[in-house]
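Below is one structure, written out as structure tokens; comments come after it.
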Amino acid sequence: MKVFPFDPAEFLDTPEAQQELLDDAAASGDGRYIAAALGTIARARGMTKVAAGAGVSREALYRALSEDGDPRLSTLLGVAKALGLTLAFRAV
């Protein structure tokens, strides 16, 4: 059996698919999942472009949004802005 690496960024080619991933991540309340989802979307849109828009290096963005990363709020806000997203909180 031949196995190929899977990169979900290759399949997030529409804004709707990207929004669905973000909604699921946000609903989970898991910070690592949210960061990973943003990282996947950033890769889908072009990490270099997103990093420039967020004001960080591409390498720093990869580290921050990795599974083991712990991005600062300012990094998350910069990534959200670069992706054309806003951050909103709702009472539960």
- Taking the dipole about the Cα centre of the chain, with the C-beta of Lys and Arg at +1 and of Asp and Glu at -1, give me whichever of 12, 54, 66 is farthest to the positive side. 54
- Query: Where in the range 1-58 are there chymotrypsin sites (Phe, Trp or Tyr not before Pro) that are in a DSSP coil and have at most 10 other Cβ atoms within 10 angstrom of their Cβ?
  - Reply: 6
- Message: Please give the charge dipole size of the chain, origin at the Cα centre, charges +1 on K and R Cβ atoms and -1 on D and E Cβ atoms. Round to the nearest 20 debye.
- Response: 380 debye
- Volume of the Cα convex hull of the chain, divided per residue and given in Å³: 118 Å³
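Laboratory data are not the source of any read-out in this text; all were calculated from the coordinates shown. The structure presented is a predicted model; accordingly, all values stated were derived computationally and were not measured. Virtual Cβ from ideal backbone geometry, glycine too; neighbours counted across all protein chains shown.
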